[in-house]
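Notes follow once the structure below has been shown.
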Amino acid sequence: MADMRTTLQFLIMVDGPLEATELLDLIRARLPEAVPYRRDSVDVRGNLLEINPNEGADPRLAATDGDDYLYFRWRVELTPTDRTVDEAHQIALTRELLRAIEGPQVQATVCAAFEDRV
């Protein structure tokens, strides 16, 4: 059986003209309870949220490929740190993060075991 924290991890691929600090500012504005952890990361609602560049980012493929999210600029990675976090909690957090991140020039795609319920 897989570790429950592994199945509750999720990733949001983000593309747009934002720097990591600007992306984190959007998230912190929507979720003010987020506590800075390290550079480009926060502790939020029982998760460690880290923003990392996508090593495979490619603006041309992000605009034309059927799996465009694979080529988005940023990886927003969330890993549960609190054992009380459950799937419903993660789904609600994912929805809140999408509302914080998505905008006219910013796309976001969720990659998670529960992505079909977001």
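The values are calculated or read from the model by the stated rules, or taken from the named source; none is laboratory data. Worth saying up front: this structure is predicted, and the values here are computed from it rather than measured. So basically every Cβ, Gly included, is an ideal-geometry build from the backbone, and we count neighbours across all protein chains shown. The protein model used for the area step is the full one, side chains on, heavy atoms only, and it has no ligands, DNA or RNA in it. Shrake-Rupley method; radii C 1.70, N 1.55, O 1.52, S 1.80 Å.
Taking GluC sites (Glu not before Pro) in DSSP loop conformation with at most 12 other Cβ atoms inside 10 Å as exposed sites, the chain has its longest uninterrupted site-free stretch at 56-118.
Result for the chain in a Gaussian network model with C-alpha springs under 10 Å: among P104, P32, P53, the largest mean-square fluctuation is at P104.
Here the chain is scanned for trypsin sites (Lys or Arg not before Pro) in DSSP loops (not H, G, I, E, B) that have at most 15 other Cβ atoms within 10 Å, and the longest stretch holding none of them is 40-82.
Give me the net charge of L61's neighbourhood, meaning all other residues with Cβ under 9 Å from the Cβ of L61; Lys, Arg count +1, Asp, Glu -1. Around L61, the surrounding residues sum to -3. In this rough spin-label picture, where each label sits 7 Å from Cα along the Cβ direction, the D86-L98 distance is 2.2 nm.
How high is the FRET efficiency between E55 and T21 when r is their beta carbon distance and R₀ equals 30 Å, given to the nearest 0.05?
Working from the Cβ atoms, E equals 0.95.
Within the accessible surface of the stretch 9-118, defined with a 1.4 Å probe on protein heavy atoms only, the carbon and sulfur portion equals 47 percent. Global size of the chain: 13.8, 41 Å for Rg and Dmax (C-alpha atoms, Rg to one decimal, Dmax whole).
Springs join every pair of Cα atoms under 10 Å in this Gaussian network model of the chain, and among D15, D82, D68 the largest mean-square fluctuation is at D82.
Note on the stretch 71-118: Rg/Rh from Cα positions, Kirkwood definition for Rh, rounded to two decimals, is 0.97.
Hey, what's the chain come to in accessible area per residue, 1.4 Å probe, Å²?
Value returned for the chain: 57 Å² of accessible area per residue.
Only the Cβ atoms of Lys and Arg (+1) and of Asp and Glu (-1) were treated as charged; on that basis the dipole of the stretch 11-118 about its Cα centre amounts to roughly 280 debye.
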